[in-house]
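Undergrad: Structure incoming, see below.
The values are calculated or read from the model by the stated rules, or taken from the named source; none is laboratory data. Keep in mind that what you see is a predicted model, and the values were worked out from it rather than measured. Note that we place each Cβ from the backbone using ideal geometry, even for glycine, and neighbour counts take in every protein chain shown. Surface accessibility is based on the protein's heavy atoms, side chains included, excluding ligands, DNA and RNA. Shrake-Rupley method; radii C 1.70, N 1.55, O 1.52, S 1.80 Å.
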Amino acid sequence: MDIKLQITVLILASASKSRKNMLKNSDIEFVQILSGFDESTIKQTNSSDLALELSLAKAKKVFEKVSYNFENEFQSNKFEILGCDSIFEFKGESFGKPSSKKEAYERWLRISGGSGYLHTGHTLLFCEFQKKEKQMILKKTVNEVIVSTIFFSELKEKEILKYVDSLEPLQCAGGFALEGKGGKFIDKINGCFSNVMGLSLPWLRKELLKEDIYI
């Protein structure tokens, strides 16, 4: 039986290797375009609101890039731009990427044996390029924050030092990577598993299905 699928282009507005690998491993076709958005311009202090605002800002930045530099090299005039950003919350404090090994070490001393919340803001911009007018139109915006609770193992100081020396914590929101070396220090997750790696795949599938887009 032949099934006609809507032809669209999914654009990932993120430099994240983890998000890129998740989409690849899920056999989801996409194009990766870095936003280049300056995150320091967002002054929100609430973890959930911060994650959502950053995801929206990154998606909009890529929308601008595509709008002004559109080249007719895609098979479709329909686009979905996916912006994501993750913020880790521990005891009411928001944690992004540690700025140094010292900060990563001190953070792990605090979160060892404890639990926190990983807030990932998700934004999808549904766009259409109108050839006649030669302009990109934003048809619809969908965004939501998905929250997962993470329970950490109680670590020995030598384990923390070894992990920090790997430099992995400096590349990750919160200072840990579930899919990397830090995965062995996570006891349990309540909520969406892939969300902890920066992108809720069930959320993405659900929102695209609403627009009759199959991935």
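Undergrad: Can you find, among L204, Y163, G180, the residue farthest towards the positive end of the dipole of region 137-204? Put +1 on the C-beta of Lys and Arg, -1 on that of Asp and Glu.
TA: Final value for the positive-end residue is L204.
Undergrad: Using amide H atoms built in the peptide plane, which far-off residues or other-chain residues are under 5 Å from S153 H to H?
TA: The list, which skips near neighbours in sequence, is G113, I186, D187.
Undergrad: Moving on. What do you reckon, how do T41, T123, T149 stack up by accessible area (1.4 Å probe), largest on top?
TA: Values: T41 80, T123 0, T149 30 Å².
Greatest to least solvent exposure: T41, T149, T123.
Undergrad: Using the Cα centre as the reference, give the magnitude of the dipole from point charges on the C-beta atoms of region 126-165 (Lys, Arg: +1; Asp, Glu: -1; all else neutral), rounded to the nearest 20 debye.
TA: That gives a dipole near 460 debye.
Undergrad: Under the 0.36 nm per residue contour assumption, what length would be gained going from the current alpha-carbon distance of L209 and E64 to full extension?
TA: Stretched fully, the L209-E64 segment lengthens by 49.7 nm.
Undergrad: Please list the helices of the chain that count as membrane-span-like by this rule: a mean Kyte-Doolittle hydropathy of at least -0.5 together with Cα atoms stretching 18 Å or more along the helix axis, each helix being a complete DSSP H run.
TA: Both cut-offs are met by 47-68.
Undergrad: Considering only DSSP beta bridges with both partners in the chain, what is the antiparallel share in %, to the nearest 5?
TA: Beta bridges within the chain, antiparallel portion: roughly 85 percent.
Undergrad: Residue separation times 0.36 nm, minus the C-alpha to C-alpha distance between K156 and I137: what's the value?
TA: 1.5 nm
Undergrad: Can you give the convex hull volume per residue for the Cα atoms of the chain, as a whole number of Å³?
TA: 131
Undergrad: Relative contact order of the chain, please, whole-number percent, based on alpha carbon pairs below 8 angstrom and at least 6 residues apart.
TA: Answer for the chain is 21 percent.
Undergrad: Take I146, I160, I137 and sort them by solvent-accessible surface of the protein heavy atoms, 1.4 Å probe, largest at the top.
TA: Highest to lowest solvent-accessible surface, that is I137, I146, I160.
Undergrad: How big is the dipole moment of the chain about its Cα centre under a simple scheme where the beta carbon of each Lys and Arg is +1, that of each Asp and Glu is -1, and everything else is neutral? Debye, nearest 20, please.
TA: In debye, rounded to 20, the chain gives about 160.
Undergrad: Under a 10 Å cutoff between Cα atoms, tell me which one of Q130, Q32, Q171 has the largest fluctuation in the Gaussian network model of the chain.
TA: Q130
Undergrad: Something else about it: Test of the criteria: in region 178-215, which chymotrypsin sites (Phe, Trp or Tyr not before Pro) are in a DSSP loop and have at most 14 other Cβ atoms within 10 angstrom of their Cβ?
TA: Passing sites in region 178-215 are F193, Y214.
Undergrad: GluC sites (Glu not before Pro) within region 134-173: which are DSSP loop residues with at most 12 other Cβ atoms inside 10 Å? Spell out each step's value before the answer.
TA: Numbers: sites: E144, E154, E157, E159; in loops: E154.
For GluC sites (Glu not before Pro) across region 134-173 that sit outside H, G, I, E and B with at most 12 neighbouring Cβ atoms in 10 Å, the list reads E154.
Undergrad: Percentage of Cα-Cα pair distances in region 66-183 greater than 22 Å, rounded to whole percent?
TA: Looking at region 66-183, the distances longer than 22 Å represent 49 percent of pairs.
Undergrad: Can you give the longest run of the chain that contains no trypsin sites (Lys or Arg not before Pro) sitting in a DSSP loop with at most 15 other Cβ atoms inside 10 Å?
TA: Counting only loop sites that pass the neighbour cut-off, the longest clear stretch is 157-215.
Undergrad: Moving on to the next point. With r defined as the distance between the Cβ atoms of T45 and R110 and R0 fixed at 22 Å, what FRET efficiency is calculated, to the nearest 0.05? Each step should come with its number before you reach the end.
TA: Working: r = 19 Å, r/R0 = 0.85.
Efficiency for this residue pair is about 0.75.
Undergrad: Moving on. Calculated FRET efficiency, L167 and K91, Cβ-Cβ r, R0 22 Å, to nearest 0.05? Numbers along the way, then the final one.
TA: Values: r = 25 Å, r/R0 = 1.15.
E(calc), rounded to 0.05, equals 0.30.
Undergrad: For K181, list the lysines whose Cα falls under 27 Å from its own Cα; do not include residues on the same chain fewer than 8 positions away.
TA: K17, K20, K24, K91, K97, K101, K102, K156, K158, K162
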